[in-house]
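Report on one structure; see the data block that follows.
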Amino acid sequence: MRLLRELSSGHIISFDSMNDYYDVSLKEYRLAEIEKTAKSNKAKQTFIKGNLADKELVDEVFTEYRLDIVVNLAAQAGVRYSIEHPDVYIESNIIGFVNILEACRHNLVEHLVYVSSSSVYGGNRKVPFSTDDKVDNPVILYAATKKSNELLAHVYLKLYNIPKVCRMV
Ligand SMILES: NC(=O)c1ccc[n+]([C@@H]2O[C@H](COP(=O)([O-])OP(=O)(O)OC[C@H]3O[C@@H](n4cnc5c(N)ncnc54)[C@H](O)[C@@H]3O)[C@@H](O)[C@H]2O)c1
């Protein structure tokens, strides 16, 4: 929303599967708010409902809209849920994330911003956490997928020079 408010022109493409892990009506409300803000700013907003694990669709979106900057907040969130539902995390956080990286690479995206998680600090005893701390001790699958994102993004940065920012939450 803040990004939209600051954008007085341009085109924002939103992509979400609108899954029901959290309240879908809240997601619909937020989408409507994004649309309203875009309209009042004269920015263009397009929403695409889809799964990031659908490589064909992700490629289509990147090719059609020629994105300059990609902000990836989409992931299967939740720490405990990953104990019983590992497949969902692999699909969204690993396959989906690699699909984004590949699409960034092939479409010469200038910048990728994505979100990691404080869960990557896992069994570390030192508090408060610092981004300089080692993150080699994940204790839950969700954390392992988030740490994997950091490693994968690092490789894509080195190999293909996609500047990335990983914001820890
Ligand atoms: N909320 C927190 O405390 C917290 C903490 C650390 C990191 N994060 C990270 O921040 C980001 C946002 O988290 P959130 O808490 O707002 O979660 P959220 O579930 O509200 O937002 C994630 C969105 O991603 C979408 N999504 C999930 N899998 C998808 C897929 N395969 N394809 C397309 N869309 C998909 C969901 O429908 C949802 O709208 C996530 O990357 C999460 O891992 C959140």
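Data overview
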| read-out | value |
| --- | --- |
| Complete set of residues in region 75-108 that are part of a loop (DSSP other than H, G, I, E, B) and more than 13 Å from the ligand (Cβ to nearest atom) | 107, 108 |
| Some residue of region 40-49 being closer than 21 Å to residue 161 by Cα and within 12 Å of the ligand (Cβ to nearest atom) | no |
| Count of region 22-74 residues which are aromatic (Phe, Trp, Tyr), touching a helix residue (DSSP H, G or I) at 6+ places or on another chain (Cβ under 7 Å) and not in a helix (DSSP H, G or I) | 1 |
| Residue 156 being within 13 Å of the ligand (Cβ to nearest atom), in contact (Cβ under 8 Å) with a residue 12 or more places away in the chain and part of a helix (DSSP H, G or I) | no |
| Test: residue in region 8-19 that is within 21 Å of residue 165 (Cα to Cα), within 18 Å of the chain's Cα centre (by Cα), among the β-branched types (Val, Ile, Thr) and not assigned by TED's automatic domain parsing to the domain that holds residue 120 | yes |
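The values are calculated or read from the model by the stated rules, or taken from the named source; none is laboratory data. Bear in mind that the values here come from a model prediction, so they are computed numbers and not experimental data. Please note: Cβ atoms are built from the backbone with ideal geometry, for glycine as well, and neighbour counts cover all protein chains shown.
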